[in-house]
Amino acid sequence: RHEIYCAYNSLPTFEDDLNDFLGLASDTTSRLHPSISKVVPLGNIDFSSDDYMAKIQNGCGGSVDVIVHLAALSSPGYCENNPKDAWKVNCPLELYRFSLEVGAPIIYVSTDQVYEGTKKFYVEDIDETLPVNVYGRTKLAFERVLLGKDPLLNEREMGGSEVCREHVTNFSKIASPLKNVDSNSSQRVPKSIILRSSLILGPPTPLKNGCKKGSFPSFLQFIHHRLETGQSTDYFVNEFRSVVFVEDVIDSIRHFLNNSLNGDSDDVSAEDSSSVFNMGGSTRASRVDMAMAVANHLKLDPLSINGVIRPENNG
């Protein structure tokens, strides 16, 4: 049986929500899968701080089988204005060092924004990666860390940004020695899984307070609110995503988690290296397409939906 440790920062109601969902007051295992003995929240973890890994290690006792990395600074605009924090959180070298020390693979949720986004659908290992913003660059850089590849970003991927070049140089100096951590050891480097997720859509979480950081738990609920209140809202017509249902994301993570726990390497390449998978749906939709779909489904007036062009320098 396994224990789950949930490290998080800015979800103030998460622990209460989790306890309420699991019914801890009466039966600690009433809503847990039989293979899970307990779920432990580790709150107030600032992933941009220097000591966050020490807090996580103290909380879980330092013994880990698999790491599922969901934390991210995912707002492109915030990342553009705060590149130092974006690199620290989205390219977590301290976490990678810990995974090597304990021999635990990482299931890393990356982003489809590692691609340029100028064509309909992308294929792993065939189509070129070319992120156009800081968020995509930081996620791609950690992919390269897990894949053991140099450089973390090439010249085109850095997009001529001197700030990005400085971060790539500094992070490469730290990452390079870690790749040889097992050179004098019989322990194998854990083979991680990288899931390049598109925009995740779905219903609110089953937790009482929604497990949300802002006013709305997801983009769909934001659209619903704006349509219901008739507030005029701009949606991009030239940003396309292969939107993915949240339950499919959960199933994908569960699949690779079970494989890692059971020692099943069927999904790992013949070179026995970490693997990359695109995690998107079969439908390509713009933001305005999504808004119109919500309006049609709920039979709400679409007059408040404004289609606008996303500027190239928007991030």
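The values are calculated or read from the model by the stated rules, or taken from the named source; none is laboratory data. Keep in mind that this is a model prediction, so the values were computed, not measured. In this analysis, Cβ positions are derived from the backbone assuming ideal geometry, glycine residues included, and neighbour counts consider all displayed protein chains. Each accessible area value is taken on the protein alone, full model and side chains, heavy atoms only, with ligands, DNA and RNA left out. Shrake-Rupley method; radii C 1.70, N 1.55, O 1.52, S 1.80 Å.
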So which residues in the range 128-152 are within 24 Å of residue 67 (Cα to Cα), open to solvent by less than 70 Å² (accessible area, probe 1.4 Å) and either part of a loop (DSSP other than H, G, I, E, B) or touching a Lys or Arg at 6+ places or on another chain (Cβ under 7 Å) (or both)? 148, 152
Top-ranked residue of the range 52-63 - restricted to ones that are modelled with pLDDT of 90 or more and more than 20 Å from residue 15 (Cβ to Cβ), ranked as most open to solvent (accessible area, probe 1.4 Å): 54
Among 11, 42, the single one that is at pLDDT 85 or above, open to solvent by less than 60 Å² (accessible area, probe 1.4 Å) and of a type outside the set (Val, Ile, Thr) is 42
For residue 86, state whether it is farther than 15 Å from residue 10 by Cα and either more than 14 Å from the chain's Cα centre (by Cα) or part of a loop (DSSP other than H, G, I, E, B) (or both). no
Count, please, the residues in the range 98-121 that happen to be open to solvent by 40 Å² or more (accessible area, probe 1.4 Å) and touching a His at 6+ places or on another chain (Cβ under 7 Å). 0
Tabulated pairs, the range 140-167, first without any contact (Cβ under 8 Å) to a residue 40 or more places away in the chain and small (Gly, Ala, Ser), second part of a loop (DSSP other than H, G, I, E, B) and open to solvent by 60 Å² or more (accessible area, probe 1.4 Å), C-beta under 8 angstrom, 6+ apart or interchain: 159/132
Against the definition (open to solvent by 60 Å² or more (accessible area, probe 1.4 Å) and modelled with pLDDT under 80), how does residue 27 come out, yes or no? yes
